[in-house]
Amino acid sequence: MTTRLDPSGSGSARSARTANAGRPALEALLPEARAALPDVVALRRRLHENPELGLLLPDTQKAVLDALAPLDLELHTGGSTSAIVATLRGARPGGTLLLRADMDALPMPEHTGLPFASRYEDRMHACGHDAHVAMLVGAAGLLARRRDELAGTVKLLFQPGEEGHGGARILVEDEGLLAVTPAVDAAFAIHVDSTLPPGRIALRPGPMLASADVLSIDLHGRGGHASMPHHAVDPIPVACEIVLALQSFVTRRIDAFDPVVITITRLSGGTTTNVIPAAANLLGTIRSTSERARTAAHEGIRRVAAGIGAAHEVDVKVHILPGYPVTVNDAPFIDFTRGVAAELLGERAVVDLPKPIMGAEDFSYVLQQVPGAIVFLGARPPGEHAEPLHSSSMTIDEEALATGVALHAAMALRWLAAHETAG
Ligand SMILES: [Zn+2]
Ligand SMILES: [Zn+2]
């Protein structure tokens, strides 16, 4: 064992080798990912042209199964959705890492003018899930080639229904996806970002994305003639008062360093100019980045709305439909990810996000059960202006997908190497 400085340099070379024992080399991954890019881009474009919505995505599922077919993986489809789990078992025993790509598109028109734009007027892959699928299929190729070096199992999850359908919740809570033998020990996902420089990885420990709950408030008064409001109980000014009071509530009663966003997005009631309606309704969204703030917001909304209703004798009913929980990245897993990404891509490619994003992700349901992380991959297209995700003009730099392919593979190689078990 040579641990002292050796003037010939051979000792330090030897100790470097020792330090790297069990740490698979990552250098080959980016060139291999770039070589795979034509296939990755072709699959991404095929999906982009044929976007599907919700939990049942038969064409997408078929495209993924076709692309995975030559790789000799164990393929499981089904349950109540179009999910696919592709299992790659290594040669030796070890832990199980889940890599996840969501597959669904959004119900909106596309205005990119791309030659492979959506063939539907009302559907678009505007959140980059087409790219997620293609990157994970690409990574499957890189990993399958290294099967003999792997200790443990990689499960590749192709998940439908992220955009508001709770696909991950169904798979995790209703269908027990993570408990299927071999049970998942940790999970990793990549989300593209069309405004971040290409190839950049953005991450943070702790809250990464917000919870998103739907708020609906029903107001019932008594209708009447618009000229004689004292004979009626008018719900309209009460609804307006609640909208404003909720904003005061947020700024006065919620910790500014544990923020909440309450946005009322629709105010409805009434039919014409001379009739006071009997009822009105408010719709909106509640975002937070901690369960504590989320609970405080729910309680406060109920209290403020009920209090204002009582003051004006309008019956107020608050309905809060819980949506995706806060997406929380495991801190040690983020340290691990930061190290792998920096080694693969260089230190400068990895940036720590100073604060969470107020969007929401159903990967949160996976991260409630097992440690892991979701990170952003920059895929900003060339040029001055970049459209954000969910814009009908959103485009990405497809070259950046090679980075995602290599990062998925690097994470699996290194995580499995760190969790090899004797056997
Ligand atoms: Zn989205
Ligand atoms: Zn998304």
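Where a number appears in this text, it was derived from the coordinates with a stated rule and is not lab data. Not measured: the values here are computed from a predicted model. Virtual Cβ from ideal backbone geometry, glycine too; neighbours counted across all protein chains shown.
List of remarks:
- Within the chain, antiparallel bridges make up roughly 65 percent of the DSSP beta bridges whose residues both belong there.
- The range 211-321: Rg to Rh, with Rh as the Kirkwood radius over Cα pairs: 1.03
- When the convex hull of its Cα atoms is viewed from all sides, the chain shows a mean projected area of 25.7 nm².
- Relative contact order of the range 211-321: 42 percent, from C-alpha pairs under 8 Å at least 6 residues apart in sequence.
- Span-like helix ranges in the chain, DSSP H, alpha carbon extent 18 angstrom or more, Kyte mean at least 1.0: 129-144, 401-418
- Shape class for the range 316-381: prolate, because the ratio a/c of the largest to smallest gyration tensor axis (alpha-carbon atoms, square roots of eigenvalues) is 1.5 or more and a/b beats b/c.
- Using the average count of surrounding beta-carbon atoms within 10 Å as a protection proxy, the listed peptides 322-330, 335-343 rank, highest first, as 322-330, 335-343.
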